[in-house]
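Notes follow once the structure below has been shown.
The values are calculated or read from the model by the stated rules, or taken from the named source; none is laboratory data. For clarity, every value in this text was computed on a predicted model and none was experimentally measured. Glycine gets a Cβ as well: all are built from the backbone with ideal geometry, and neighbour counts include every protein chain shown.
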Amino acid sequence: MIKIAICDDEKNIRSYLTSLIRGHKAECEITEYASADEYLSSGMGHDLLFLDIELKGSVSGMEMARQIRGMEQIKQPIIIFVTGYEKYVYDAFDVEALGYLVKPVNEQKFTEVFSRAQDKILSEAEQKKKTLLIQYAGANKVIPLDDIYYMESQKHKVVLYIKDGDKAYTDRLEYYAKIGELEEELQGYFCRIHKGYLVNLSCVDEYGRTEIMLTNGDKLPLSKYKYEDFVKAYLHFMQQGDRH
């Protein structure tokens, strides 16, 4: 589901853009705003923002875009400017806008810009699925799933065994988490092979009835209760062509 905001003081433009988006049959949620103040007090959190550069009110569209880009704590939307004048186009680069639409909005140009935005949003969402966000040493840390060999449950913590660049040894990273919740979150990439272990399916080198050998040489116990589920998950993973 793509969350889209349209911020323009002209109701007819908002309605027209909404109808163009609906025409693409994209799975999305559209919210319209008539001013910068209305948008900024909404809590934001959109994937895509169509923004009128010449917004009337205390804050112009360009100023609003600069404010948004300065807010580190919020989700940064893709911005597409909607303008009556091409002279503003160069300013769009200052706030990393994906593109611009000149009023009256041309349908073909809209399709081109909207498709680019959609591809970018979906590609980022796909990439996000392949990372793990953890709280470590008082900060948020993003770890690519491909960098994790396996996870081990230890009391209230989970230990990640991580590939350390080009070095031959494995790094350990401990943080507070529940292995059951990780099992659910990472389904399709990782598999629970034992009460205490989640293994990265792309790191499995070989397996038997009671043990799994990983590509780094580590051996992990395979529970007899988990054997059948593991084999199914592994074969499905291999069929997807995701093994690296």
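Here LYS155, LYS141 are screened, and the one residue that is assigned by TED's automatic domain parsing to the domain that holds LEU198, among the charged types (D, E, K, R) and surrounded by fewer than 11 Cβ atoms within 10 Å (Cβ to Cβ) is LYS155. Being on the phi < 0 side of the Ramachandran plot and in contact with a Pro (Cβ under 7 Å, 6 or more places away or on another chain) holds for only one residue in THR215, THR131, and it is THR131. Of the residues making up region 117-130, those that are surrounded by 14 or more Cβ atoms within 10 Å (Cβ to Cβ) and not aliphatic (A, V, I, L, M) are GLN118, LYS120.
Going through (1) in the same structural domain as GLU10 (by TED's automatic domain parsing); (2) within 22 Å of the chain's Cα centre (by Cα); (3) among the small types (Gly, Ala, Ser) one by one, GLY84 falls short only on (2).
Kindly indicate whether LYS25 is in the same structural domain as ALA92 (by TED's automatic domain parsing), free of Cβ contacts under 8 Å to residues at least 12 places away in the same chain and assigned to a loop (DSSP other than H, G, I, E, B). When the stated conditions are applied, LYS25 passes them. Does ILE121 satisfy being closer than 21 Å to CYS203 by Cβ and β-branched (Val, Ile, Thr)? No; evaluated as a whole, the condition is false for this residue.
Can you spot a residue in region 203-221 that is touching a His at 6+ places or on another chain (Cβ under 6 Å) and more than 30 Å from GLU72 (Cβ to Cβ)? The answer is yes, given that some residue of region 203-221 is touching a His at 6+ places or on another chain (Cβ under 6 Å) and more than 30 Å from GLU72 (Cβ to Cβ). Residues in region 1-22 that are over 18 Å from LYS75 (Cα atoms) and either touching a residue at least 60 places away in the same chain (Cβ under 8 Å) or of a type in the set (Lys, Arg) (or both): ASP8, LYS11, ILE13, ARG14, TYR16, LEU17, LEU20, ILE21, ARG22.
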